[in-house]
Every structure is written in C-alpha cells, then in structure tokens.
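Colleague: The structure follows.
The values are calculated or read from the model by the stated rules, or taken from the named source; none is laboratory data. Note that the coordinates shown come from a computational prediction; the quantities given were computed from them, not determined experimentally. So basically every Cβ, Gly included, is an ideal-geometry build from the backbone, and we count neighbours across all protein chains shown. In case anyone asks, the SASA skips ligands and DNA or RNA and just uses the protein heavy atoms, side chains included. Shrake-Rupley method; radii C 1.70, N 1.55, O 1.52, S 1.80 Å.
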Amino acid sequence: MTIPQAEGWTVEPLHKEYSQALLEDRVLYDSKTGHQRLRVFENARFGRVLTLDGVIQTTEGDEFMYHEMLAHVPIFAHGAAKRVLIIGGGDGGMAREVLRHKTVEHCTMVEIDAGVIEFSKEFLPGLSNGAFDDPRLDLVITDGAAFMAGQGEPYDVIIVDSTDPIGPGEVLFTPEFYANCKARLSEDGILVTQNGVPFMQGDELSKTMAAFRTLFVDWGCYLTHVPTYAGGPMALGWGSRSGKARDVPLAVLQQRFDAAGIAMRYYTPALHLGAFALPAYIARLL
Ligand code: SAM
C-alpha cells in the first residue's frame, strides 16, 4: 500500500482511502523492536504521540477518552472486581486506570513486546504514571492469545487493549481467543475489547460481535470518542457471562463512582449508561 508522505508529518497508513496526518514538531524515537516499528514524536495539539507500524496507538492529549472508558465501565458495572487482566496495553495507560481502583487486588498485564513498555516508560511516562511499579501489577511478556489458551485463575474483568487486527494484534480478534477469554472469566465476569472506529472498520466490529453473540449471555458494544482514532465514535466490545452488569441503575453507578473517589476527565456514570445507546448505522453492524 503506497501511503502519501509529507515531509515532517506522520501520515497514518491505517485505511487505504483515508489518512490523517499529524505534524511532527520533534521526533523523539524511531526504531524497530522485534515485533513492530516504534515511533514517538511531539505534536503541539496532542503532545507526545506513539505509533506502531505507523498507526497511532495513543497520544498524551486524548488517551484519557479511551483508557477511562475501556477500564472504568466494566469495573464500575461489575461492582466488585478484584482480579483484572489486560491483554496488550504496552503504553501503561490501561494499567494506570485499572489500578486507580483501590478495590482491585491484582492486575495481570500480558504484553507481547517488552520494547513498547520500556520505551513508553522513557518517552511517555505520564501514561503509566507509576503503574509498572504498583505491587498489584503482574507483568507477563508473551503473546496474549497463547496466554489465554493456558490455564489459570479466573478474572472478574478482561480488557483487550490491543493494536488493530494487523500484525501481532490479529490473533486477538479470533473466535478462539474470545472463547478462551470467556473460559477465564469469573461467574459475573466481563470482557471488553478495543474494536476500532465502526465508520471506518465496521467489519472488525461485526466479526467480534458474531463471536460474542455465540459466547455471552449479554453482548454488544458501547462507544467512546477519541479524536486521533479518526472517523467517528470508537466501539468497545462488551461480553458478560451474566446480564447483571449491564442493568446497573444510575444511582448505583453513582454510589460506586463516589466511593472510588477517582477524578476523571471523561468517564461519568451518566455517560457510562449513555455509551451503550448506539446510532442506527452501528447497531446494524452487531
Ligand atoms: N490504545 C491503542 C489502540 O486502541 O489501538 C492500543 C494501545 S497498546 C500500544 C497496544 C498494544 O498491544 C501494543 O503494546 C502491542 O505490542 C500489543 N499487542 C499487539 N499484539 C499483541 C498480542 N498478540 N499479545 C499481546 N500484546 C499485543
């Protein structure tokens, strides 16, 4: 795929007929790890930007809109999550948000590329914000699909914070992987997944939902908005072994939110419930 290049800009190669470009005020790092090409640059509006194989993974400026919604919706919905698993999440932002819950006793993070972690600690320290030093965090460097195929204690919440289904991330979008995630969920456990921007990547969401439909009593998706995940709202997949977590009333979510005492920049209890209301074009993809 030939992607237009513009001197001094990152032109994202995610879609063949559409690209977004961010001005690189200063390139801080550009190198290949064993798995993917890592690059960080500074941009006046978004702060530091991390790309993997040219695709924007996260930016200091808007990462909170993604990490807060993928972490706190399942944890507040569950209400008693003690063990949380993150698949991917190398920049540390997801671990940071999960570990803000004092009620979370253990967080396993399974990342395939140690280079992303080491590098994010150095160039994007604000994302992990100390999460990698939290004694509750158990960091495992391996393929998330291989990890899920193994045995182990169940998790109350499993968060798939992966790249897009290209390269090493592809195995994290298969029915087999989702079935293995379900097998590792506790009785009222919840699986949530990064499922791209439906207006641009609708087939990704449809494929995930086709698998979730066969696996979970309660399945669907909810939405967040992340400016650098261009093309409209972003879908976050939701699969739960019981319907309980979806039907938590606003008053209960508010109580849990108040008790957690976490200062948010995006998540609110009302938005938590509203995020499951889908525009017709996205609902039709399920
Ligand atoms: N927030 C970003 C997004 O929505 O695209 C994802 C952030 S994070 C950087 C994605 C992480 O998934 C990367 O660190 C990458 O190394 C990791 N990853 C990709 N494939 C993986 C796999 N098979 N097992 C574990 N981690 C994987």
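Colleague: Mind checking which of 248, 40, 84 has the largest fluctuation in a GNM of the chain, springs on alpha carbons under 10 Å?
Modeller: Highest fluctuation among the options: 248.
Colleague: Still on this structure, please answer the following. Mind checking the per residue accessible area of the stretch 194-253 for me, 1.4 Å probe, whole number of Å²? Display every interim value, and only then the final one.
Modeller: Details: 2160 Å² over 60 residues.
Spelled out: the 1.4 Å probe surface of the stretch 194-253, per residue, equals 36 Å².
Colleague: A further question on this structure: Could you state the angle between the C-alpha long axis of helix 198-215 and the longest principal axis of the C-alpha atoms of the chain, as a value from 0 to 90 degrees rounded to the nearest 10?
Modeller: The answer is roughly 30 degrees.
Colleague: Holding the Cα-Cα limit at 23 Å, pick out from 32/207; 182/244; 82/182; 16/182 the pairs that are longer than that. Don't skip to the answer; put the middle values down first.
Modeller: Numbers: 32/207 30 Å; 182/244 16 Å; 82/182 17 Å; 16/182 34 Å.
Pairs exceeding the cut-off: 32/207; 16/182.
Colleague: Projected area of the stretch 63-285, taken from the Cα convex hull and averaged over every viewing direction, in nm²? Let's see the in-between values first.
Modeller: On the way: hull surface 43.6 nm².
Result: a mean projected hull area of 10.9 nm².
Colleague: Using the alpha-carbon atoms, what tilt in degrees (0 to 90, nearest 10) does helix 63-78 show relative to the longest principal axis of the chain?
Modeller: On a 0 to 90 degree scale, this one is about 10.
Colleague: How high is the relative contact order of the chain, given as a whole-number percent (alpha carbon pairs under 8 Å, six or more residues apart)? Spell out each step's value before the answer.
Modeller: On the way: 568 pairs, mean separation 44.1, N = 286.
Over the chain, the number comes to 15 percent.
Colleague: I've got another one for you. Of all the C-alpha pairs in the stretch 9-59, what % are more than 17 Å from each other? If you can, show how the numbers build up before the last one.
Modeller: Working: 365 of 1275 pairs.
That tail contains 29 percent of the Cα-Cα pairs.
Colleague: Which residue fluctuates most in the GNM of the chain (Cα springs below 10 Å): 31, 162, 206?
Modeller: Looking only at 31, 162, 206, the biggest GNM fluctuation is shown by 31.
Colleague: Next question. Roughly speaking, what is the centre-to-centre gap between the stretch 132-160 and the stretch 69-107 when only Cα atoms are used, to the nearest Å?
Modeller: So the separation of the two Cα centres works out to 12 Å.
Colleague: State, as an integer percentage, the relative contact order of the stretch 208-260 based on alpha-carbon contacts under 8 Å between residues 6 or more apart.
Modeller: Working: 53 pairs, mean separation 17.2, N = 53.
Relative contact order of the stretch 208-260: 32 percent.
Colleague: Taking the Cα centre of the stretch 109-229 as the origin, how large is its charge dipole in debye, to the nearest 20, when only Lys and Arg (+1) and Asp and Glu (-1) carry charge on their Cβ atoms?
Modeller: Numbers: 6 positive and 19 negative charges, 67 e Å.
Rounded to the nearest 20 debye, it is 320 debye.
Colleague: Follow-up question, since we're still on this one. Using a basic spin-label model with each label point 7 Å from the Cα along Cα→Cβ, how many nm lie between residue 82 and residue 259?
Modeller: 1.4 nm
Colleague: Roughly how many percent of the accessible protein surface of the chain is carbon and sulfur, given a 1.4 Å probe and a whole-percent answer?
Modeller: On the way: 6440 of 11880 Å².
Ligands and nucleic acids excluded, carbon and sulfur give 54 percent.
Colleague: GNM on the chain, C-alpha springs below 10 Å: top fluctuator among 143, 247, 164?
Modeller: 247
Colleague: If you take the Cα atoms of the stretch 1-92, find Rg, then find the Kirkwood Rh from the mean of 1/r over all pairs, what is Rg/Rh?
Modeller: Details: Rg = 15.9 Å, Rh = 15.0 Å.
Taking Rh as the inverse mean 1/r over Cα pairs, Rg/Rh reads 1.05.
Colleague: What is the spin-label model distance, in nm, from residue 207 to residue 252 if the labels are put 7 Å beyond Cα along the C-beta direction?
Modeller: For the pair residue 207/residue 252, the computed spacing is 3.5 nm.
Colleague: How high is the FRET efficiency between residue 15 and residue 118 when r is their beta carbon distance and R₀ equals 30 Å, given to the nearest 0.05?
Modeller: Values: r = 30 Å, r/R0 = 0.99.
FRET efficiency, residue 15 to residue 118: 0.50.
Colleague: Then there is this: Excluding ligands, DNA and RNA, what is the solvent-accessible area per residue of the stretch 9-59 at a probe of 1.4 Å, expressed in Å²? Write out the running numbers ahead of the final one.
Modeller: Values: 2520 Å² over 51 residues.
Averaged over the residues of the stretch 9-59, the accessible area is 50 Å².
Colleague: If you don't mind, another one. Roughly speaking, what is the stretch gain from residue 283 to residue 166, that is 0.36 nm per residue apart minus the C-alpha to C-alpha distance, in nm to one decimal? Don't skip to the end; give the middle numbers.
Modeller: Details: separation 117, 0.36 × 117 = 42.12 nm, distance 2.44 nm.
Gain on extension, residue 283 to residue 166, equals 39.7 nm.
Colleague: Compute the distance from the alpha-carbon center of the stretch 18-58 to that of the stretch 185-244, in whole Å.
Modeller: 26 Å
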